[in-house]
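Here is the structure we will look at, set down as structure tokens.
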Amino acid sequence: MTDSWWKKAVVYQIYPRSFADSDGDGMGDLRGVINHLDHLAELGVDVLWLSPIYPSPQDDNGYDISDYQGIEPMFGDLATFDELLAGAHDRGMKLIMDLVVNHSSDEHAWFEESRSSIDSPKRDWYWWRPARDGMEPGAPGAEPTNWGSVFGGPAWEFDQKTGEYYLHLFSRKQPDLNWENDEVRQAVYAMMRWWLDRGVDGFRMDVINMISKVLPLPDGRLAAGSAYADGSAGFIGGPRLHEFLQEMYREVFAGREEMLTVGEMPGVTVDEAKLHTDPDRHEVDMVFQFDHVWADRGPDPWLLQRLQLTNLKAILGRWQAGLAEVGWNSLYWNNHDQPRVVSRYGDDSAEHRAASAKMLGTVLHLHRGTPYVYQGEELGMTNYPFGGIEDFRDIEALGQYKQALELEGRTPDEVLKVLRARGRDNARTPMQWDSSPQAGFSTGTPWLAVNPNYPQINAAEQRADPDSVFHYYRQLIALRHAEPAVAEGDFTMLLPHDERLYAFTRRLGDTELLVIGNFSGETAPAEIDDAAGWAGAELVLTNLPGASSQALTLAPWQAVVYRRTIGR
């Protein structure tokens, strides 16, 4: 076990366009973040993670970058960013940037040069391919591979000017960079060093396990009824991924030991993550995986199903066991791509919302790994009551809706039912600061509607209420900072077959913690093998102080954390 600082840290993700608007244009900005740094300091978080703030056409809300060394004007400028960085550092918080280098915007100067001519010196900076043999360029089915885009439609866009196609795993305005080209990699590394020299403390790297592609680019397996294939075997965890990440470490991070590097890796396995996060291999400090946020999804993406708690425990338990000796977990329920967890795995009714939000936080933060809090999670913010498709802004939701109706024969009702529950816009509604108009987010019209429950759920109310979700999250964060067993202890899953209770122990030396969360609206006994041994243990934390838990019988949505000293 090393003494890496981030093992005791808690990261807070800020989605700038939805965090706080300082100038009344309806869009969050950096000045808005500066104005609320004290909220974050009071919460006790150690690291701020900013979703992309670079210049961008905003086709995918900033994940389409047109200039890697600037600030999007609607957010501010570099001087304001420097002020934000200094303000965070003054309060003892680090700041990491969201880095998107699997792809750029099609309005980036690199791509504009690349598409200018087949003979462009930057042509090979992106993935350009001719039409399939014997097919007319631009004709249906002539794409170089049959891959589908994550956002719907084909993963290739025909370019009239040069008569070839370029690859875009996401939006057609997000062409993939060709990491096989050494010039591309060196340009990326130089940009990263520029930000670190400015004072940034690290990076969260978007879909970083897609940068290495299988050559030659292969067709994917086309599922029955699908218009395009899942091509992930050709771009997830490609053959040079480890090489590229190790090169990045040598070129960018070597000698900067206080940095934090997080790799978002869709589809990554436990064994692969163990390699990526092994400190002796010098790749990344931790990965973001998605297994646990797919625990409530079946093979049909347009069919909702309830969470099976045993499935969630099996997934998280597998990751805890797999990275127990080497590597490190990132822990999250929410981010800008996921619906609100209290509406998903909890109960967002007025009766149980606060309790279930606290319980979910307890279970997550007491695992082994670095916890992430997404803006509004510390308030127990909920999903938005979306009406029709016109209420959505997310390019993924709009693209998938179009494809589902036009190519898959789905009905609007069945698609909207899923988008309301799972859509990314649930996480992107404006932060709820107070009960004033627009929740104190803006004096103008927000770019995305504010959740109508903001008079009941907002930061001002909760900061004034010692029993709020906000103050409970402060206790969770303080416990990680103060109790070494939370950060460094081993993990043992209990009650793996119980469909209501999530229970485990954490142990370091002679200190052992017992954590139990009730994922149901029913009273549930925790029938653990060593129940008698915990009879005199210290109750460190519970989200329902008035409920009896001495017999390890938990009230609906209750969480408890006990501590005992082994041998006493």
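A few remarks follow.
- Fully extending the segment from Asp530 to Leu307 would add 77.5 nm, taking 0.36 nm per residue of separation and subtracting the current Cα-Cα distance.
- Between 0 and 90°, nearest 10: helix 469-482 axis offset from the chain longest Cα axis: 90 degrees
- Near Pro455, once Lys and Arg are set to +1 and Asp and Glu to -1 for all other residues with Cβ below 15 Å from its Cβ, the sum equals -2.
- Tilt relative to the chain, helix 395-406 - C-alpha long axis, 0 to 90 degrees, to 10: 70 degrees
- Debye-sum result for the chain in log10 I(q)/I(0), which assumes one identical scatterer on each alpha carbon, at q = 0.05, 0.10, 0.11 Å⁻¹: -0.21, -0.86, -1.05
- Estimated [θ] at 222 nm from DSSP helical runs (n ≥ 4, -39500 (n - 2.57)) normalised by residues in the chain, nearest 500: -7500 deg cm²/dmol
- When the trypsin sites (Lys or Arg not before Pro) in segment 20-129 are filtered for DSSP coil states and for at most 16 other beta-carbon atoms within 10 Å of their beta-carbon, the remaining sites are Arg91.
- Cβ-Cβ distance of His282 and Leu407, R₀ of 41 Å, FRET efficiency by 1/(1 + (r/R0)^6): the value works out to about 0.40.
- Applying both filters, DSSP loop and at most 12 other Cβ atoms within 10 Å, to the GluC sites (Glu not before Pro) of segment 515-548 gives Glu522.
- Cα gyration tensor, segment 104-176 - rounded (a/c under 1.5), prolate or oblate: oblate
- Database remark: amide H of Leu95 closer than 5 angstrom to the amide H of Leu48, Asp201 (H placed geometrically; neighbours at sequence offset of 5 or more, or on other chains; Pro and chain starts carry no H).
- Across segment 489-565, the mean sequence separation of Cα contacts (distance under 8 Å, 6 or more residues apart), normalised by length, yields a relative contact order of 32 percent.
- Between the Cα long axis of helix 309-322 and the first principal axis of the chain there is an angle of about 80°, rounded to the nearest 10.
- Segment 413-510: C-alpha gyration tensor shape, a/c 1.5 cut-off, then a/b vs b/c: oblate
- Each Cα pair under 8 Å and six or more residues apart adds its sequence gap; the mean of these over the residue count of the chain is a relative contact order of 13 percent.
- A full extension of the chain between Ser436 and Asp300 corresponds to an added length of 44.8 nm, given 0.36 nm per residue minus the alpha carbon distance.
- With R₀ set to 51 Å, the beta-carbon distance separating Glu351 from Ala41 gives a calculated FRET efficiency near 0.95.
- Here's the list of aspartates and glutamates a cross-link from Lys402 could span, going by alpha-carbon distance under 14 Å and ignoring same-chain residues fewer than 8 apart: Glu390, Asp394, Asp413, Glu414.
- For the pair Glu243 and Ile389 in one chain, pulling the backbone fully straight at 0.36 nm per residue adds 48.3 nm over the alpha carbon distance.
- Relative contact order of segment 87-183: 28 percent, from C-alpha pairs under 8 Å at least 6 residues apart in sequence.
- Radius 11 Å from Cβ of Lys122, net charge of other residues (Lys, Arg +1; Asp, Glu -1): -3
- Counted charge near Gly237, where neighbours are those whose Cβ lies closer than 15 Å (Asp, Glu -1; Lys, Arg +1): -3
- Two-site FRET efficiency, Ala551 against Asp510, from Cβ-Cβ distance with R₀ of 30 Å, rounded to 0.05: 0.75
- Among the GluC sites (Glu not before Pro) found in segment 207-306, those both in a DSSP coil and sparsely packed, with 16 or fewer other Cβ atoms within 10 Å of their Cβ, are Glu257, Glu258.
Since every read-out is calculated from the coordinates, none of them should be taken as a lab result. Remember, predicted model here, so these are calculated numbers, not experimental data. Note that each Cβ is placed from the backbone with ideal geometry, even for glycine, and that neighbours are counted across all protein chains shown.
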